[in-house]
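The values are calculated or read from the model by the stated rules, or taken from the named source; none is laboratory data. The model shown is predicted, which means the values in this text are computed figures rather than measured ones. Methodologically, a virtual Cβ is constructed for each residue, glycine included, from the backbone with ideal geometry; neighbour enumeration extends over all protein chains shown.
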Ligand code: AGP
């Protein structure tokens, strides 16, 4: 996944492009580059590595003058990170410049055809094929927009494109299919970007482009066309969150900032949907008649969003008494899933752009299931494609490792569970009210997990364990599901090998890996399973493991008989307990990564949204 940005106006483009790319680095940071119209020519500067390398190459943008330009920050797919594979890519003659986010699936076939027509290439990328294909058509039609239309008509795959043509110094063209792209309206200037933070300091008036859309624009005018090149009117939306949401706000990393934003994000997600003690989901149209027909619920997602689905199984089955199957999107789409009109597919995605999850959504729709998306990015592909969407109002999540999106997705699962259970009468009014009461104070209880005292204790344990080689997270029932996310956090930001196991499962094999110094994080918040988990802790301690436990204040004294190091979280309704348990696991991973000197917001090999399969 990559980030693209474009500027066309009266100001110097290069600094604006670099600023925008800095807000998009979370989308990929293997290399970066810009192309600016300068003295009547398309001038390109690009560099392998972080954006700082490019900025240094062009003196912060001062070395390239011009008021029209495109920029790109890359997460390598075709061709290793290198200067030559960096975007923008030029056509052979240098007349066409392109930045691209996505994958052109038929690029090799197109490249062979272009080579046969005499074109030469210098990179391994699919994007250079797009540039040369546009030039091929331009050389014949001498019309920039028509050449782009005809070239794009040959492309298979996903693309968000920003395109310049040397003969049209006042014009830029952008095209969108499957990869995200927005258009921003300024005063005497216009913008394109992969995501809102890149242009929020310049404009709040945006259009979320749809698949097939093409926009041909100057600094004063924008013409939109659909996939058939017919003029189309687009809805202008106003972005209502503040730019600080896309800045660090004094925190050392976006991740710790976003952890501390979790109470606010949870409140923002829940409170508009609980009125007078009732869950109100105006966002969706799941009628009582439809809900009564449901015989199975799939929860389809990737990564941490999938782990929300694993928690969702316990929560939805307990409240709605409907079989629930969480399944990885990358497996779902090739598993010939058994589903139909009696199946509800809940699709979870922070970015709303994850390729596997998008494809799984289309598979579910094709097979007749109704789809309900839980998404954080407004106007994203999954949000638009699903039959219904419930947004997690978490605000932009910049850190690659998710935190507030995870906890707000979980909140939406609680809301859906109560909504369905209420319609199906599978929960008593007393139980319903008890859960709603706890939802109303959940944000405050999460905040109690983030006090200076709690953080200090987490940091202490991080100092004890940051050099471990292997870690196991164990728990039972919802605790085993939350262990999946706790383990992933340690893997993805601290680069420590970690596994999550149902506590009762260790003795069936994995316990052979437990040795002196292995770290075991035991999560034991489910009352009726507490003693059994403590037995499992004794088993691993007997084999030399170092253990620290996470449990509720109720078990404070009991757990100390078995586990010397303990993190306590406030108690809430058992079904909501994971929302509190996850907080110390997130902060533990953060402080371990900090001690290990890892690049916390941009972990190696990762990107915020995986828009490739
Ligand atoms: C989360 O910390 C990871 N970065 C990753 O597992 C992520 O949850 C996964 O790629 C799914 O992303 P999505 O929610 O945007 O679809």
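The test for being farther than 22 Å from residue 559 by Cα, more than 16 Å from the ligand (Cβ to nearest atom) and crowded, with 18+ Cβ neighbours inside 10 Å holds for residue 443.
Highlighted here are the strands (runs of 3 or more DSSP E) found entirely within segment 158-274 that include at least 3 residues which are touching a residue at least 12 places away in the same chain (Cβ under 8 Å), buried (at least 24 other Cβ atoms within 10 Å of the Cβ) and out of contact with any helix residue (DSSP H, G or I) (no Cβ under 6 Å at 6 or more places or on another chain): 172-177, 190-193.
When 353, 363 are screened for being part of a helix (DSSP H, G or I), closer than 23 Å to residue 103 by Cβ and touching a helix residue (DSSP H, G or I) at 6+ places or on another chain (Cβ under 9 Å), only 363 passes. Being within 16 Å of the ligand (Cβ to nearest atom) and in contact with a helix residue (DSSP H, G or I) (Cβ under 6 Å, 6 or more places away or on another chain) is the requirement here; does residue 312 meet it? Against the criterion (within 16 Å of the ligand (Cβ to nearest atom) and in contact with a helix residue (DSSP H, G or I) (Cβ under 6 Å, 6 or more places away or on another chain)), residue 312 qualifies.
Is there a residue in segment 441-449 that is under 23 Å from residue 325 (Cα atoms) and touching a residue at least 12 places away in the same chain (Cβ under 8 Å)? Within segment 441-449 (the criterion being under 23 Å from residue 325 (Cα atoms) and touching a residue at least 12 places away in the same chain (Cβ under 8 Å)), the answer is no, since none of the residues qualifies. Answer yes if at least one residue in segment 381-392 is surrounded by fewer than 22 Cβ atoms within 10 Å (Cβ to Cβ), out of contact with any helix residue (DSSP H, G or I) (no Cβ under 7 Å at 6 or more places or on another chain) and farther than 22 Å from residue 608 by Cβ, and no otherwise. Yes, some residue in segment 381-392 is surrounded by fewer than 22 Cβ atoms within 10 Å (Cβ to Cβ), out of contact with any helix residue (DSSP H, G or I) (no Cβ under 7 Å at 6 or more places or on another chain) and farther than 22 Å from residue 608 by Cβ.
Tell me whether segment 406-415 contains one or more residues that are over 26 Å from the mean Cα position of the chain (by Cα), at pLDDT 95 or above and more than 16 Å from the ligand (Cβ to nearest atom). No.
If the condition is being closer than 11 Å to residue 215 by Cα and touching a strand residue (DSSP E or B) at 6+ places or on another chain (Cβ under 6 Å), then segment 165-180 contributes 172, 173, 174, 175, 176. Scanning segment 98-116 for residues that are out of contact with any helix residue (DSSP H, G or I) (no Cβ under 7 Å at 6 or more places or on another chain) and touching a residue at least 24 places away in the same chain (Cβ under 8 Å) yields 99, 101, 102, 103, 105, 106. Listed by first and then second residue, the pairs linking a residue in segment 590-613 that is closer than 17 Å to residue 461 by Cβ to a residue that is part of a loop (DSSP other than H, G, I, E, B) and within 12 Å of the ligand (Cβ to nearest atom), with Cβ atoms under 7 Å apart and 6 or more places separating them unless they lie on different chains, are 590/600; 593/600; 594/600. For the residues 529, 585, the requirement of being at pLDDT 95 or above, out of contact with any helix residue (DSSP H, G or I) (no Cβ under 7 Å at 6 or more places or on another chain) and in a helix (DSSP H, G or I) singles out 529. Within segment 520-536, the set of residues being within 19 Å of residue 482 (Cα to Cα) and either surrounded by fewer than 23 Cβ atoms within 10 Å (Cβ to Cβ) or out of contact with any strand residue (DSSP E or B) (no Cβ under 7 Å at 6 or more places or on another chain) (or both) comprises 526, 527, 528, 529, 530, 531, 532, 534. Out of segment 287-332, which residues are part of a loop (DSSP other than H, G, I, E, B) and crowded, with 17+ Cβ neighbours inside 10 Å? Matches in segment 287-332: 294, 302, 322. Looking at 563, 550, 569, just one residue is at pLDDT below 95, buried (at least 18 other Cβ atoms within 10 Å of the Cβ) and in contact with a strand residue (DSSP E or B) (Cβ under 9 Å, 6 or more places away or on another chain), and that residue is 563.
The set of residues in segment 355-373 being within 13 Å of the ligand (Cβ to nearest atom) and more than 12 Å from the chain's Cα centre (by Cα) consists of 356, 358, 359, 360, 361, 373. With the structure loaded, tell me whether residue 327 is at pLDDT 90 or above and in contact with a helix residue (DSSP H, G or I) (Cβ under 7 Å, 6 or more places away or on another chain) or whether it fails that test. Here the answer is no, as residue 327 does not meet what is asked.
Every condition in (1) crowded, with 17+ Cβ neighbours inside 10 Å; (2) at positive phi; (3) more than 14 Å from the ligand (Cβ to nearest atom) holds for residue 352 except the one numbered (3).
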